[in-house]
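Structure record follows, encoded as structure tokens.
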Amino acid sequence: MPEPVIIVTGANGQLGKEIRDLADQYNQFHFIFLSKEDLPIEQFEKVQQYFEKVKPAYCINCAAYTAVDKAETEMAAAMLINGDAAGVMAKVCSSFNTKFIHISTDYVFDGTATVPYKEDHITNPVNYYGATKLRGEQLCVENNDQCIIIRTSWVYSEYGNNFVKTMIRLMKERVSLNIVNDQVGTPTAAADLGKVMLDIIAGTQKDSANWVPGIYHFSNEGIISWYDFAVAIKTLTSSNCVINPIPTSSYPTAAKRPAYTAFNKDKIKSTWHIDIADWKTSLSAITDRLMQQHSGN
């Protein structure tokens with residue numbers, strides 16, 4: 001029997017690269033990592049032709065337009081990848097009986113909640129990026145009633161551009177930094193998210209009943225502000241940079257940010273019996289790796 005094929009789109013992004021690192025631990029599968037150059041996922045016919053050739057058992061869609069502020073002006077580009085392309089992938093996966101996992105965001109919510117968001121909470125994005133990701137969710141569900149959608153938040157890793165890497169760099173360059181302290185949520189280590197998805201797939205391969213379609217929330221445990229996040233990075237890297245808390249009103253951006261996007265993760269934990277690491281634990285592991293890389297340069 002040939003190994004089941006897992007396609008991972010968005011292969012050059014943070015999550016795609018973390019899944020690539022994890023792939024050796026799941027050698028019962030054959031992985032194919034696809035960049036946007038390898039497969040333009042917004043083009044239905046090309047995706048269909050590719051699936052016809054490869055016949056993947058699973059597809060994880062990590063491809064996304066993630067420039068939140070640029071999305072306010074690059075509206076067509078953001079909607080094409082986050083909305084239309086998600087719908088294309090869902091539809092093709094459905095027609096080939098490929099089990100499909102799509103990544104969404106906490107930014108589908110408006111941030112007015114005072115307790116962690118459950119999956120069935122009313123969506124109401126406050127920026128265009130969030131609107132495109134919500135449209136992607138809607139198209140996935142419309143085109144594929146067997147898909148799994150995982151909303152996540154504040155993703156970081158040792159790859160790509162993210163808050164942790166930016167903070168480490170800026171703390172070396174500057175005496176002080178001003179960080180907003182009235183936007184609250186939870187960081188997500190991309191490696192932790194990648195492992196959860198691959199564990200879901202591995203469990204499904206053993207027993208198809210383990211595939212439970214629907215929307216799920218995943219982040220690390222704990223609820224913090226961006227200021228808290230920065231202070232933790234400072235501590236873990238032994239930086240002397242002064243971190244000053246400021247209100248969002250003192251740091252205007254093109255796209256509005258929701259003030260509160262903490263997740264209730266009971267659904268994903270109970271469905272697949274998973275333990276989720278505390279944000280500090282995962283942050284410590286990744287900052288250690290980043291500091292080692294820097295000292296080795």
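See the values below:
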item	result
Euclidean distance between Cα centres, the stretch 87-146 to the stretch 187-239, Å	17
Estimated inter-spin distance, residue 240 and residue 142, nm [label 7 Å along Cα→Cβ]	5.8
Projected area averaged over orientations for the chain, convex hull of C-alpha atoms, nm²	15.5
Reciprocal mean inverse distance between Cα atoms of the stretch 174-297 - Kirkwood radius, Å	16.8
Inter-probe distance in nm under a simple model that places probes 7 Å from Cα toward Cβ, at residue 25 and residue 202	0.7
Distance histogram in 10 Å bins (all Cα pairs of the stretch 58-133, percent per bin)	19, 42, 32, 7, 0
When the stretch 1-147 is reduced to its Cα atoms, the Kirkwood hydrodynamic radius in Å	15.9
Entries of 234/269; 91/118; 195/256; 55/91 with Cα pairs more than 23 Å apart	234/269; 91/118; 195/256
Residue 270-residue 170 pseudo-label distance in nm [points 7 Å out on the Cα-to-Cβ vector]	3.9
Residue range of the chain that is longest and free of trypsin sites (Lys or Arg not before Pro) which are both DSSP loop and sparsely packed (at most 16 other C-beta within 10 Å)	175-297
Restricting the stretch 22-94 to GluC sites (Glu not before Pro) in coil, as DSSP defines it, with at most 13 other Cβ within 10 Å	37
Cα-based reach from residue 280 at 17 Å (exclusive), listing aspartates and glutamates while leaving out same-chain residues under 8 positions away	158, 192, 221, 228, 288
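Every number in this text was worked out from the coordinates using simple rules, so none of it is lab data. Quick caveat, the model's predicted, so the values are computed rather than measured. Counting neighbours? That spans all protein chains shown, and the Cβs are built from the backbone with ideal geometry, glycine included.
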